[in-house]
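Data first, discussion second: the structure below is written as structure tokens.
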Amino acid sequence: MSDGSIKSRILGSSALKVSEVGLGCWQLGGDFGPIDEQTATAILNQAVNDGITFFDTADVYGDGQSESYLGKVLSDIAPDAVIATKYGRGGGTYPDGYSLTDLRDSVKRAQDRLQRDCLDLLQLHCIPKSVLSNGAVFDWLREVQQEGHIAHFGASVETLEEAKICLQHDDVASLQIIFNLMRQRPVTELFDEALEKKVGIIVRLPLASGMLTGKFDQNTRFDASDHRNFNKDGEAFSVGETFSGIEFNKGLALIERLKTFKPADFNMAQFAMRWILDHEAVSTIIPGASSPKQVTQNAATASLPELDKALHQKLYDYYVHEVEPLIRCEI
């Protein structure tokens, strides 16, 4: 159980102090199945009680529903919590509607929903590589920052190539990436440069859409509104966002093998998340939670001991030879 005091790390070059375990709030938009306000409130209250100080959301999670829940609850019980939201996947914006006016308007709507005069962190939300490469969007972020609407900005990206494009901009505070036992390549391809440039790493999908909990089997079924049902093969958006891009049944087999590496006193979710936190470049992980109990279980990961280096090497070798060849998207 968490004692309500999670260790914190500084997010990149910003002065933002964030809990090592944050809360991903995609599920508060109903994208993992329906969720009501009572459940959302209970989850957020538990997160604050467990010492979580970092919350990640986006304007498109439930068409603003996730942001609204966060604003309503946290403004009362945790007004100093760090909230990161995103811009770039909304209707009329993605894939080619980007402009300074569009960005600014999106930020103002997010401010209203989050009940914040200034957003702590605004992240580009998996926007096209061509838009990132053009660079104008970063100038727009700077302008909105100078206007006082956002304190810091970063980017949530799909690929390592996109991450490196963002690293060319010295004022990018953070990168949000997919990183877990089934997507390990950032260890060798990204982390050293991120550390050198003081860019914080926010890890999404630390449990590979729940696959790494070890609780799924061939009989597992997901709600029709759950992306693990409608996007399992990339039908709606990048296949990499669901089960880390690995076909479900093949993922199940990989997890069975990964269980053999797990220390006896860890469960699979703890093992998977502790492994991530062992990396110096990582500022915070943002597992989701569908219940207060899950929040507490996730938060407790920060107090677990680090895994030994020999185990890290074995896990990386296993990834390179057995896991990476099964990923169905660019990494």
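Throughout, read-outs are computed from the coordinates displayed, never taken from laboratory work. These numbers come from a predicted model, not from an experiment. Cβ sites come from the backbone with ideal geometry, for glycine too, and all protein chains shown count toward neighbours.
By count of other Cβ within 10 Å, fewest leading, how are C118, C166, C25 ordered? Each step should come with its number before you reach the end.
Details: C118 12, C166 19, C25 28.
Sorted ascending by nearby Cβ count, the order is C118, C166, C25.
If you count, for each residue, the other Cβ atoms within 10 Å and average over each peptide, how do 298-308, 221-231 line up from highest to lowest?
Details: 298-308: 18.5, 221-231: 15.7.
The packing order, highest mean first, is 298-308, 221-231.
Rank these for me by crowding, K7, K262, going from fewest to most other beta carbons within 10 Å. Present the calculation step by step, with values, prior to reporting the outcome.
Details: K7 11, K262 17.
Lowest count first: K7, K262.
Over 26 Å between C-alpha atoms is what I'm after, so list which of K129/K262; K198/K259; K215/K250; K215/K293; K108/K232; K129/K314 land there.
Numbers: K129/K262 37 Å; K198/K259 34 Å; K215/K250 15 Å; K215/K293 16 Å; K108/K232 33 Å; K129/K314 33 Å.
With Cα atoms farther than 26 Å apart: K129/K262; K198/K259; K108/K232; K129/K314.
Determine the distance separating the Cα centre of the stretch 160-212 from the Cα centre of the stretch 91-124; give it in Å without decimals.
23
Take K250, project a point 7 Å from its Cα along the Cβ direction, then tell me which residues of the stretch 172-213 have their backbone nitrogen under 17 Å from it.
Residues passing the 17 Å test: 181-185, 208-209, 211-212.
Defining a contact as two alpha carbons under 8 Å apart and six or more residues distant in sequence, what relative contact order in percent does the chain show? Each step should come with its number before you reach the end.
Numbers: 615 pairs, mean separation 75.8, N = 331.
This gives 23 percent for the chain.
State, to one decimal in nm, how far the label point of E324 lies from the label point of D117, with both points 7 Å from Cα in the Cβ direction.
4.9
Name the long-range amide H neighbours of Q123: under 5 Å, sequence gap of 5 or more, or other chain; modelled H, no Pro or chain starts.
Here the answer is T85, K86, Y87, G154, since their amide H atoms fall under 5 Å of that of Q123.
Select from Q123, G90, G245 the residue farthest towards the positive end of the dipole of the chain; place +1 on Cβ of Lys and Arg, -1 on Cβ of Asp and Glu, and compute about the Cα centre.
G245
Most exposed first by the Cβ proxy, i.e. fewest other Cβ within 10 Å, how do W26, W275, W140 rank? Working shown, then result.
Values: W26 21, W275 25, W140 18.
Placing the least packed residue first, the sequence is W140, W26, W275.
So what's the Cα pair-distance distribution over the stretch 8-326, bin width 10 Å, in %?
P(r) over the stretch 8-326, rounded to whole percents: 6, 28, 38, 23, 5, 0.
Let me know the charge dipole size of the chain about its Cα centre in debye, to the nearest 20, where only the beta-carbon of Lys, Arg (+1) and Asp, Glu (-1) is charged. Show your work: numbers first, answer last.
Details: 32 positive and 47 negative charges, 118 e Å.
Value, rounded to 20: 560 debye.
Per-residue ellipticity at 222 nm for the chain, helices alone: DSSP H runs ≥ 4 residues times -39500 (n - 2.57), over residue total, nearest 500 deg cm²/dmol? The partial results should precede the final answer.
Details: 13 runs with 118 residues, N = 331.
-10000 deg cm²/dmol, from helical runs alone.
Taking the highest mean first, how do the peptides 251-257, 69-75, 32-38 order by number of other beta carbon atoms within 10 angstrom per residue? Write out the running numbers ahead of the final one.
Details: 251-257: 16.6, 69-75: 20.9, 32-38: 13.7.
Packing proxy ranking, top to bottom: 69-75, 251-257, 32-38.
Can you list the HN-Hα couplings for the stretch 225-230, worked out from phi with the Karplus curve (6.51, -1.76, 1.60; θ = phi - 60°), rounded to whole Hz and with x for Gly and Pro?
3J(HN,Hα) across the stretch 225-230, in whole Hz: 8, 8, 4, 6, 9, 8.
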